């Protein structure tokens, strides 16, 4: 009888040992879990006040950067006008308010430190239109060719239509003077040069300008001729200049 119970007793004893061992491992595992430090990264969430202050700092920095860029653009524009005056100071012929002509032609006349030669549409827009055509036609110019085409007194600049404008009117009213002629406007104007010319002419003519009646009449007549040129005509002239500059020999 006792011999028959031995297997059961042995099984029971083994079960008890097994349960004890499992309980020990289970407890050890729990201890390890509870002892393990919490390494989960803590994400800092700024307060609304901190977010507002950060946004203000970024806005102030952007405004300061724009103000400096605008100041430089306006200074560059004034310097360019001064350079024009310096190169023409000895010219005998004088500019007359409201007269028009190519920039190259009007550079041969003295502005008497009273007038500017205002490109309509802007020189920058004409140059951007040329760059667009170069890209469209997959043409790559040499450095010398690019300088001849795009230089301050290059082909595009000198061929551009200009109207003689009082310095104050040009500086205060022109849509394309200095910092007002920003990259976005230049890109847009280059795609529709006639509309840009119409807008630029109206800005001076309809603004609080200092022109007398005679100048007003002359200015209106000059800009009427300029604004009648279509965008397609501008592009044809620009492509002709591109073709011309490509004939410049390349030094080997």
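For the range 29-51, the set of residues classified as loosely packed, with under 10 Cβ neighbours inside 10 Å and modelled with pLDDT under 80 consists of 32, 33, 34, 35, 36, 37, 38, 39, 40, 41, 42, listed by residue number. Being in contact (Cβ under 8 Å) with a residue 40 or more places away in the chain and assigned to a helix (DSSP H, G or I) is the filter; apply it to the range 186-197 and report the residue that is nearest to residue 72 (Cα to Cα). Residue satisfying both the conditions and the ranking: 186. Can you name the condition, by its number, that residue 98 falls short on among (1) modelled with pLDDT of 95 or more; (2) under 24 Å from the mean Cα position of the chain (by Cα); (3) within 21 Å of residue 197 (Cβ to Cβ); (4) not in a strand (DSSP E or B)? Of everything listed in (1) modelled with pLDDT of 95 or more; (2) under 24 Å from the mean Cα position of the chain (by Cα); (3) within 21 Å of residue 197 (Cβ to Cβ); (4) not in a strand (DSSP E or B), residue 98 misses just condition (2). Hey, does the range 149-169 have a residue that's more than 23 Å from residue 99 (Cα to Cα) and not in a helix (DSSP H, G or I)? Taking every residue of the range 149-169 in turn, at least one turns out to be more than 23 Å from residue 99 (Cα to Cα) and not in a helix (DSSP H, G or I). Taking the criterion of being within 23 Å of the chain's Cα centre (by Cα) and outside any helix (DSSP H, G or I), the residues of the range 115-137 that qualify are 118, 119, 120, 121, 122. Checked against (1) more than 20 Å from the chain's Cα centre (by Cα); (2) modelled with pLDDT under 80; (3) surrounded by 11 or more Cβ atoms within 10 Å (Cβ to Cβ), residue 54 passes all but condition (2). Take residue 173 and tell me if it is crowded, with 19+ Cβ neighbours inside 10 Å, within 24 Å of residue 201 (Cβ to Cβ) and free of Cβ contacts under 8 Å to residues at least 40 places away in the same chain. Answer is yes for this residue. Considering each residue of the range 220-252, count those that are part of a loop (DSSP other than H, G, I, E, B) and either in contact with a helix residue (DSSP H, G or I) (Cβ under 7 Å, 6 or more places away or on another chain) or under 18 Å from residue 119 (Cβ atoms) (or both), and give that number. Qualifying residue count for the region: 5. Of everything listed in (1) farther than 28 Å from residue 220 by Cα; (2) modelled with pLDDT of 95 or more; (3) in a loop (DSSP other than H, G, I, E, B), the single unmet condition for residue 90 is (2).
Annotation: of all residues in the range 198-219 being part of a helix (DSSP H, G or I) and free of Cβ contacts under 8 Å to residues at least 24 places away in the same chain, the one that is surrounded by the fewest Cβ atoms within 10 Å (Cβ to Cβ) is 213.
Taking residue 165 as the residue in question, decide whether it is touching a strand residue (DSSP E or B) at 6+ places or on another chain (Cβ under 6 Å), over 24 Å from residue 69 (Cα atoms) and surrounded by 14 or more Cβ atoms within 10 Å (Cβ to Cβ). Yes; evaluated as a whole, the condition is true for this residue.
The values are calculated or read from the model by the stated rules, or taken from the named source; none is laboratory data. Computed from a predicted structure; not experimentally measured. Positions of Cβ are backbone-derived with ideal geometry, glycine not excepted, and every protein chain shown enters the neighbour counts.
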